[in-house]
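Below: one structure in structure tokens.
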Amino acid sequence: MAFNGHYELQTQENFVPFMKAIGLSDDLIEKGKDKKSTSEIVETGDHFKITVTTGSRVLINEFTIGQETEVDSPTGEKAVINREGNNKLVAKIKNITSVTEVTGDQLVNAMTVGDIVYKRISKRVS
């Protein structure tokens with residue numbers, strides 16, 4: 001269960017250009033750009049529950065590997081999330097590709113739209 005744990009966001013790259021590319025308003029981008037988030041991932045076989053807390057907002061996504069699911073995301077689309085090896089999840093949501101990988105005590109999420117890559121690096125805290 002490589003993903004199980006609590007993670008705190010350490011750094012992020014290309015937040016503003018990515019959010020503009022997916023159509024978020026400048027006001028929402030400005031409000032969110034400096035907020036830190038924490039994530040809790042519970043992995044039970046092929047079932048995942050991911051809870052992300054940013055300020056007072058709590059976002060919960062539950063899914064089973066390989067099955068279409070509605071994902072609470074900026075675009076609010078359905079997605080199929082697949083596993084590559086034991087430590088990588090890959091999702092295609094509309095025109096966004098999301099790759100989440102656990103390496104040591106880091107959780108790295110890279111979301112790509114066009115040629116813009118928004119990268120988030122979080123550190124496992126428990």
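The values are calculated or read from the model by the stated rules, or taken from the named source; none is laboratory data. These numbers come from a predicted model, not from an experiment. Note: accessible area is taken over every heavy atom of the protein model, side chains too, but ligands, DNA and RNA are not part of it. Shrake-Rupley method; radii C 1.70, N 1.55, O 1.52, S 1.80 Å.
Take every Cα pair under 8 Å in the range 22-101 that's 6+ residues apart, average their separations, divide by the length, and report that relative contact order as a whole percent.
That works out to 16 percent.
Please calculate the 1.4 Å probe accessible area of MET111, with all protein chains present, and give it to the nearest 10 Å².
About 40 Å², ignoring ligands and nucleic acids.
Which residue, LYS20, LYS88, LYS31, has the most motion in a Gaussian network model of the chain that connects Cα atoms within less than 10 Å?
LYS31
Here's a follow-up. Leaving ligands, DNA and RNA out of it, work out the accessible area of LYS33 with a 1.4 Å probe and give it in Å² to the nearest 10.
70 Å²
Leaving out ligands and nucleic acids, and using a 1.4 Å probe, what accessible area per residue does the chain come to in Å²?
Per residue, the chain has 57 Å² of solvent-accessible surface.
At a probe radius of 1.4 Å, what is the per-residue accessible area of ILE96, in Å² to the nearest 10?
10 Å²
While we're looking at this one, here's another question. How big is the gap, in Å, between the Cα center of the range 1-38 and the Cα center of the range 53-94?
15 Å
Express the carbon and sulfur contribution to the solvent-accessible surface of the chain as a percent, rounded to the nearest whole number, probe 1.4 angstrom.
On the way: 3530 of 7200 Å².
Accessible surface attributable to carbon and sulfur in the chain totals 49 percent.
For the chain, take the alpha-carbon Rg, divide it by the Kirkwood Rh, and send me Rg/Rh.
Here the Rg-to-Rh quotient is 0.93.
Related question: Select from ALA91, ALA21, ALA110 the residue whose mean-square fluctuation is largest in a Gaussian network model of the chain (Cα-Cα springs shorter than 10 Å).
ALA21
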